[in-house]
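Novice: First the structure, which I've put down as structure tokens, then a few questions once you've had a look.
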Ligand SMILES: Nc1ncnc2c1ncn2[C@@H]1O[C@H](COP(=O)(O)OP(=O)(O)O)[C@@H](O)[C@H]1O
Ligand SMILES: [Mg+2]
């Protein structure tokens, strides 16, 4: 479980201060799929960075409760792959940085992750040989290689066309079902958030605070076809209204 309590983040520059997040309190259960939506600049990336421990909050706290502690994987909007390394070598990188002892076993786990994300035929390719969607698959594989129990994803499919995004959404759900990490997924797309999530956190304009939380009760496994159902469309309308609501 992740417990976030009264989180606040102020960036202090030379001449100005920017309050990016204010009074964020949130409980996320183990294995939940949570999306975060909100206007540009409202602090979504800041929230993920705090969750990852990359930056510190100004006040408030975040706790990872439970015996497993935290093992975090991150996927960014840009795949940030090393251009001189093949797919396999890019995925292997986090293990290399951890200086793992059992290299043979690690190589095996690279192979199974490669299969899981559907990259089998591309393991020896270089990033420039891959489409945008493929690069994001590599980024996901690289995040999963250390068996994270928390997967943080910052608009990972934001630059993909709709068909590719749909495909990756469904593949991500299948991976999530198999490995069951807790997922925090930032997106601009309301329909993507609904398709994927158990809950959607709606943030206000900066400083981002929690405006509302919507529970998505659509049955699982989800499919792209669900998007054209009346029930799904009702969710879209409902979430949009909540985003646009002034408070
Ligand atoms: N390192 C930083 N220093 C100063 N201000 C920052 C920094 N990172 C983000 N900000 C500011 O904090 C606010 C929230 O940014 P961010 O978390 O990136 O928002 P989002 O991901 O929702 O678009 C923005 O106004 C942004 O300009
Ligand atoms: Mg951002």
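Yes/no per residue for (1) near ligand 1 (Cβ under 9 Å from one of its atoms); (2) surrounded by fewer than 20 Cβ atoms within 10 Å (Cβ to Cβ):
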position	(1), (2)
43	yes, no
53	no, yes
65	no, yes
68	no, yes
73	no, no
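Novice: Could you pull out every one of the helices (runs of 4 or more DSSP H) wholly within the range 13-129 that has 2 or more residues that are in the same structural domain as residue 153 (by TED's automatic domain parsing)?
Specialist: 44-52
Novice: Please verify whether the range 104-114 includes one or more residues that are within 30 Å of residue 201 (Cβ to Cβ), crowded, with 17+ Cβ neighbours inside 10 Å and away from ligand 2 (no atom under 16 Å from the Cβ).
Specialist: yes
Novice: Moving on to the next point. Identify all residues within the range 56-79 that are closer than 30 Å to residue 165 by Cα and more than 16 Å from ligand 2 (Cβ to nearest atom); write none if there are none.
Specialist: Listed by number, the residues that qualify are 70, 71, 72, 73.
Novice: Tell me, which residue of the range 8-41 that is more than 27 Å from residue 192 (Cβ to Cβ) and loosely packed, with under 12 Cβ neighbours inside 10 Å is nearest to ligand 1 (Cβ to nearest atom)?
Specialist: The extreme case among them is 13.
Novice: Do we have any residue at all in the range 80-97 that's at positive phi and more than 14 Å from ligand 2 (Cβ to nearest atom)?
Specialist: Among the residues of the range 80-97, at least one is at positive phi and more than 14 Å from ligand 2 (Cβ to nearest atom), which makes the answer yes.
Novice: Next up: Being surrounded by 11 or more Cβ atoms within 10 Å (Cβ to Cβ), in contact with a helix residue (DSSP H, G or I) (Cβ under 8 Å, 6 or more places away or on another chain) and farther than 14 Å from residue 145 by Cα narrows it down to one of 95, 81, so name that one.
Specialist: Residue meeting the stated conditions: 81.
The values are calculated or read from the model by the stated rules, or taken from the named source; none is laboratory data. These numbers were taken from a predicted model, which means no experiment stands behind them. With ideal geometry, Cβ positions are generated from the backbone for all residues, glycine too; neighbour counts draw on all protein chains shown.
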